[in-house]
1. Region B:510-537 to region A:8-41: how many Å between their Cα centroids?
2. Given 5 Å bins starting at zero, what is the percent of C-alpha pairs of region B:280-422 in each, up to the one with the largest pair distance?
3. Taking neighbour counts of Cβ atoms within 10 Å as a proxy for exposure, in what order, fewest first, do B:107, B:555, B:614 appear?
4. At 7 Å along the Cα-to-beta-carbon direction for both residue B:503 and residue B:117, put a label point, then send me their distance in nm to one decimal.
5. Just the number, please: percent antiparallel of the DSSP beta bridges in the protein assembly as shown, rounded to the nearest 5.
6. So if we plug the beta-carbon distance of residue B:241 and residue B:584 into 1/(1 + (r/R0)^6) with R0 = 51 Å, what FRET efficiency do we get, rounded to 0.05?
7. Once R0 is set to 41 Å, what does the formula 1/(1 + (r/R0)^6) return for the Cβ-Cβ distance between residue B:515 and residue B:670, expressed as a FRET efficiency to the nearest 0.05?
8. By how many degrees, between 0 and 90 and to the nearest 10, does the Cα long axis of helix A:4-16 differ from the longest principal axis of chain A?
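What follows is calculated from the coordinates using simple rules that are stated; it is not laboratory data. For clarity, every value in this text was computed on a predicted model and none was experimentally measured. Glycine also receives a Cβ, built like all others from the backbone with ideal geometry; neighbour counts cover every protein chain displayed.
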């Protein structure tokens, strides 16, 4: 039996078809109940036993050929039909989205978070403390007795004779030791108040206080920790300088400077916790030692965001603060 | 303190490179604020820390440089003036603790003017050094005394002997004793003020300023020169109390070398002798050795020092450093402790840590080795800081801009807004607009709204997290979250219109509470005086009010001079930090069944009551009840509304059959009718 003419016709038909419906019609024409291939199969019985297997095989091959060819053709047809329909869905994607009002955190919050992120990763707990403080915690417990000249460095707002707005976050040192006992690693971001206002001073500003107390803590630890921190914060290898300074609650005390475009820039104060402060908080200074540091957030924000006037941070012009 | 480089070099006895000198001073802890280049010299401005009273003179600064350079300062030249005869005036000290030592001498036959009636001139270098230090020229006597103070650090005073009645006393003031000071300020002293007085009147507020009436003038011909040691404690705070800070008081309250008085007096006399003239009495010193400061022995353990600094200094190295600082040391061979005695000019060395700092300073902070921290394990716990930050980030993600306002506001604004309950006033505010602690976050946010809308903002969503303060019996500080939603944009964009309303805000608040793991809350009409009574709600958590939200009260709007309304919320921060134990439940495999039911409801009934009644009668398999339609008018009876609910059920054990659902629907309808006169529609 010669199937070549039929095969040739079948391939020609498939070549001419261009729609899913046309393909379906072809399927009926060849494989339907009265389809040409179906009829050939039905007529197999009429052949001799010798011819039958060979003819059967040829018919099956032809059927398989049709099915494979029509299957891939169907896929192609469907694909091009979908592509045509896509065109109808076309929109102008350059039209604006609705309601594009963004929210963001205040630059101060972001700066505090950047600082806290570093110290959290080193295991410091983030503490909090009252903003209206007693003279005891703000001064006396920190080795700054009444009439001490160091009190002149703090232009203090008073609420009553013995109560004030904290002038630094250092009171949290004592409160944290009392609350948690040693060894201890804490930092405390927060608002502080001093009666001072110009381009670089606002009567309220923010500080972060850090305190680490353990056995065998030394000055080298302080230098390493703060150097690492400053490199993290400014994302580069900074030239960092520690120089002697004075805080009544640390001994030795130091200021930390970083090398800026214009020269050395004072960035934070620090030191080894004064034995009197440890004693006042009930910690044995012979067994434990520690370091403490404090830094001004506005100053860090100013450097990080390359801005000049600190007062802008609290004017809350949304156009300004939403940039961070 | 401003000093000349040449003056400092004269004391040290060698020349210095200016930039190296400035760097050296700064690294010693004498921070150089600025260096001004002059014609032939440099003016060095040193920012002294309050502990270093000993450096409050050119000599003091020179001592530091010398110690750092390991050299010894040369001795001052001996005096060549004839002193003869006891002073006529007696000085009696009645308060030795406050004034342990008082040296004085009398000078007579003085004339501050020359033959031509011109005021005698001091050498140019003295005038220039004083001018650079910012010390005004008064007259040759006072100028010399100021120069001695600048040069070696001893504050001195001269009284016009002819203006003094009888003997002098050093004593504490009687109550309400008045004195007119040199600057003509009249002050009322109190009993803790140390005075110098004659037999009739006070002639100086000791260590701070002399009286006007006893002062030296150009006609003065005899004087009493005072060079005293007043204890820092007796001087501290006095200047500040009367708003006077003098060069003398600043030095006395930090501590003046108590072995310097006689030397300073001799120095002053020699300068007066050289440039003015006069006849000099002997120097008389009245003192009580037991009241003078003592320099207690400090035990230093070299191993403690090395442990604290991370160094490995030898005992010899440490002793060498201390010797140049004039700290004497003694220790037997093999003795682990060195006994140290600080010099009389150092008031800041009392304990071992102070000595360790001295060694660190002289070694150089920069030379101390860095070392990784090795600390004990500390248990982690999430604190309010992290919770607050999480919530701030959530609110910002809902398009709010965070603001930070001062914690103090204008008390008149708080009064206007009715926010004065427990208001705390600041006794010494920086200005009247910042004179009271905020009792709510509203005043600050209102200011932000006003200023931003003045700049043209017609849309503003801002929030703040911070403390509010009040005092009712005792002071309390509460952390709050608050925010303003101001939306006056008629058309939001090319696709959407419709303005912000109570339900937009309610959606936000509920999302926020959900973020805070607070699902079980109740809303009630708000009692807040800040909010519109009909368009606001209070939020309750287990019966406790934790905040409010809604439209601002029209009265507040009027008081704040605002024309257009806005929405406001204020919530207690701490109530928003909740831990939630979560159990993940596998959803049911059986199909859900839904029914839509609409009811005719009298206008006065609220949604919540109807919803509760539905839930109550919906059986165990209820999944949720959702309001999907609300309308009034149409064919509804007067004063009625239609509420349409989609109710969904699902069982964990079986497919629910229609009969079961029908029976529930009947139960719902019956109860609503019986209890609320609410009819099922259709």
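1. Answer, in whole Å: 71.
2. Computed distribution, short to long bins: 2, 7, 11, 11, 8, 7, 6, 6, 7, 8, 9, 8, 6, 3, 1, 1, 0, 0.
3. The most exposed by this proxy come first: B:555, B:614, B:107.
4. Modelled inter-label distance: 9.9 nm.
5. 95
6. So, using R0 = 51 Å, E works out to roughly 0.15.
7. 0.55
8. Taking the Cα atoms of chain A, the angle to A:4-16 is about 40 degrees.
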